Structure formats: structure tokens, C-alpha cells
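For reference, the structure is listed below as C-alpha cells.
The values are calculated or read from the model by the stated rules, or taken from the named source; none is laboratory data. Quick caveat: nothing in here was measured; it's all calculated off a predicted structure. Here the Cβ positions follow ideal geometry from the backbone for every residue, glycine too, while neighbour counts run over all protein chains shown. These area figures cover heavy atoms from the full protein model, side chains too; ligands, DNA and RNA do not enter into them. Shrake-Rupley method; radii C 1.70, N 1.55, O 1.52, S 1.80 Å.
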Amino acid sequence: MRIFGLTKRLLLEQLRDKRTLALLIIVPIFILTLFYFIFQSDEPNAKLGAVNLEPSVIDTIEAQNIEVTELNQMELSRLTSEELDGIAEKKEDKVTLTLLNKDISVSKKLELVINQTYQQKAQVTVIEDIKAKFKDLTELLNKIPFSPTKNIKLDAPQKTAIKTTYIYGDADTTLFDTFAPLLLGFFVFLFVFLLAGMGFLKERMTGTLERMLTTPIRRHEIVLGYVCGFGLLAVVQTVVIVYYAVYVLKIGPPESIGTVILINMTVALVALSLGLLLSASAKSEFQMMQFIPIVIVSQLFLSGIFPLDALARWIQVLAYLTPLYYAGDALKAVMYKEQPLNHIAFDLTILLIFALVFISLNIITLKKYRRL
């Protein structure tokens, strides 16, 4: 009976907590649905520019579900603007394949298809040459009484040399190299979110916040005070993580470390303000932890680890509404593409807007504790 009584009490307590029940059901369903659409998505479309390629070669490439655009000359601007994933240019017996290398899987596919296509072309050339020579041999044997095979020489098959160059990375670039910058932003976001969320929750649970609200201090002063306090800890944490990633793990060029720190500081500010905001509505540490799958994990999958072009349209729209998408875009531009600061101005601006919105909502949320 005592076991039954304890079980009944726990169930009644959980049933009264509608928010916990909702999170227990909604969060797994949402994450599972997100996983389904991401891993059920089609293979990313590959787009190739063709300069002086033979029509038969273009037909073979297009048969591999690659979109081919014929160009009059090599236009690298079509690559840097990400209109194309690669450009193949043929001059005499040499093909130069220039790859954007933004998506390793797409680059490998283009390189493989180009090489296989020209290998097959060379094999067909050999077979056709042998057929032609044997036809000549048969005609000669029908005319003269002795074998003329010593006068017949098979021409060496004409091979096409293929040279591959890259806009980003090189031949040794791995899949990890392309999404490592995204993971750096994710871990900074995650740990700062936990630092701020758990810290602010402790302030509420111990009654510190309520005692402060009995003083003349204003809501915006409280929020900014918490932002500055937790922010200093977040700065130390962010700098350590960035230095370790760049100098120990060799993720990104060392000369970009200043820009990387700036980006991650902005990411930390967003995570800090969001952590404070969600912590204000959490009633326990358990509820705070439940925010992690739906708020943090879901953003990881929308940050660019998986190519958005291959995902459903509604997932793409959802990604544009998440801070980690812009953080991932900025970090990848600096650490993988080695682009300067002005190329990520838009991403930084959006992240700052997120932070200002979350801070403003924090100030408004404090109204439920005290009306000023």
C-alpha cells in the first residue's frame, strides 16, 4: 500500500504539471519528425559547368542526375557565387575540373563521374579502333595471297588527362573539415545556454531574484546585470574553446582566430539571453533540461550540417528562423572558406537582432514577478 501511495502521489504531481507532460510528448515527436525528413531527403543536386566538353560526354554526365550548364569559357564567379558546384573545361586532350568543394559528397560525385566518363570514352575508342583495323585486315586478306598483319599497327588509344582544382579546401579535405566549424558554434551555444539557464534558475529557486525585486532596482537593470555577469564567464569559456579548436585540433586557419572569437562571442550572447528567457519559464531543473532537445539539438540539424537545398521547403524556412543557422554560416565562411569579416556582416547582424529580441523579452517576462 505504501508503494501504491507513493506511486499515486508522483503520478498526480506530474499530471498537475501540464508543461512537463507536454514536453514529454511533444519534444520526442518533434525531434523524431525532424530526423525523418532530414534523413529521408533526396541526394543534393549537383550542378556542373561544361566548357568545350563533347556532346556525348555531356549526355553521359546528365544521365547521372547532374545538371550541366554549357559555358563559353571558365567562369569562376559562377562557383564563388555558388551557382555551380564545379566547372569542367577541356583544352585539347586535357580536362581541368574546378570544384567549389562546399559539399564534399557533391564534389566527390562530380570528380568520380568525370573520371569514369572519360575512362569509358577511352575504352570505347580502343574497341572501335580494333574493329576498324580488323576490318582493314580482312579486306587486305581477301585481295592478296599472303598475310599482311605485319603492316597493320593498332594506334594507342587517345587518353584525356584530368586535372582537379578546388575553390575551397583541397584533395585531402574530409567531411569533418566542412562541418567542424558548425560544431564549434554548437558547443559554444549549448554550454553558454546551460550556464545561463541553470544559473538563473538557481537564482529563482533560492529566492534571490524575488528579494532583488523588492528593492528599487528596475527590470532592465536586473536583466543586463545577469547578462554581464554570466557573459564574463561565457567570454572565458568561449575563448578557451576557440583556442583549443584552432590551435590544438587545427580547425580553421590561425590567422582567422580573431574573427572566430568575435562570431562565437555573438553566438554566446544569443545563447545567454535565450537561456535566461527560457529559464524564467522553467519551474525545475528537469524542465530546463527538457528545452535542450527542442531548442538546441533541433538547431544543430538546421545549422548546415545537412545541405538545406535537399531538405523540404518548410525545414529550410524553419532553419532561417534559428540563430545557429547564421552562426554556422558565418563560422564556415571564415574557418573553411577563409573569407574576410565583411562577408559575414549579415550573419552577425541577424545574430545581434536575435540577442536584442531575447533580452527585450527577458525584461518583459520579469513583469510576472513584479510590476514596475
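Details
- Taking each residue of the stretch 336-362 that is free of Cβ contacts under 8 Å to residues at least 12 places away in the same chain and looking for partners that are open to solvent by less than 30 Å² (accessible area, probe 1.4 Å) with beta-carbon atoms closer than 7 Å, six or more apart or interchain, yields 339/333; 343/333.
- The set of residues in the stretch 105-139 being at pLDDT below 80, open to solvent by less than 70 Å² (accessible area, probe 1.4 Å) and of a type in the set (A, V, I, L, M, F, W, C) consists of 122, 126, 130, 132, 137.
- Residue count for the stretch 42-72 under the criterion of being open to solvent by less than 50 Å² (accessible area, probe 1.4 Å), part of a strand (DSSP E or B) and either within 14 Å of residue 114 (Cα to Cα) or touching a Lys or Arg at 6+ places or on another chain (Cβ under 6 Å) (or both): the result is 7.
- Tally, over the stretch 148-174, of residues that are modelled with pLDDT under 75, in contact with a helix residue (DSSP H, G or I) (Cβ under 8 Å, 6 or more places away or on another chain) and aliphatic (A, V, I, L, M): 2
- In the stretch 200-215 there is no residue matching the filter, namely being in contact with a Ser or Thr (Cβ under 6 Å, 6 or more places away or on another chain), of a type outside the set (S, T, N, Q) and at pLDDT 85 or above.
- Consider the stretch 307-326 and keep the residues that are out of contact with any helix residue (DSSP H, G or I) (no Cβ under 7 Å at 6 or more places or on another chain) and part of a helix (DSSP H, G or I). The one that is modelled with the lowest pLDDT is 310.
- Residue in the stretch 181-193 that is modelled with pLDDT under 80 and under 19 Å from the mean Cα position of the chain (by Cα) present: no
- Taken over the stretch 73-82, the criterion of being open to solvent by 70 Å² or more (accessible area, probe 1.4 Å) and hydrophobic (A, V, I, L, M, F, W, C) is satisfied by 76 alone.
- Looking only at residues of the stretch 316-335 that are free of Cβ contacts under 8 Å to residues at least 24 places away in the same chain and among the small types (Gly, Ala, Ser), we find that the one that is farthest from residue 168 (Cα to Cα) is 319.
- Considering residues of the stretch 315-342 that are open to solvent by 10 Å² or more (accessible area, probe 1.4 Å) and of a type in the set (Val, Ile, Thr) only, the residue farthest from the chain's Cα centre (by Cα): 317
- When residues of the stretch 283-306 are limited to those that are aliphatic (A, V, I, L, M) and outside any helix (DSSP H, G or I), the one nearest to the chain's Cα centre (by Cα): 305
- Inclusion of residue 279 among residues that are modelled with pLDDT of 80 or more, part of a loop (DSSP other than H, G, I, E, B) and open to solvent by less than 40 Å² (accessible area, probe 1.4 Å) is not warranted.
- Verdict on residue 281 being within 20 Å of residue 267 (Cβ to Cβ) and hydroxyl-bearing (Ser, Thr, Tyr): no
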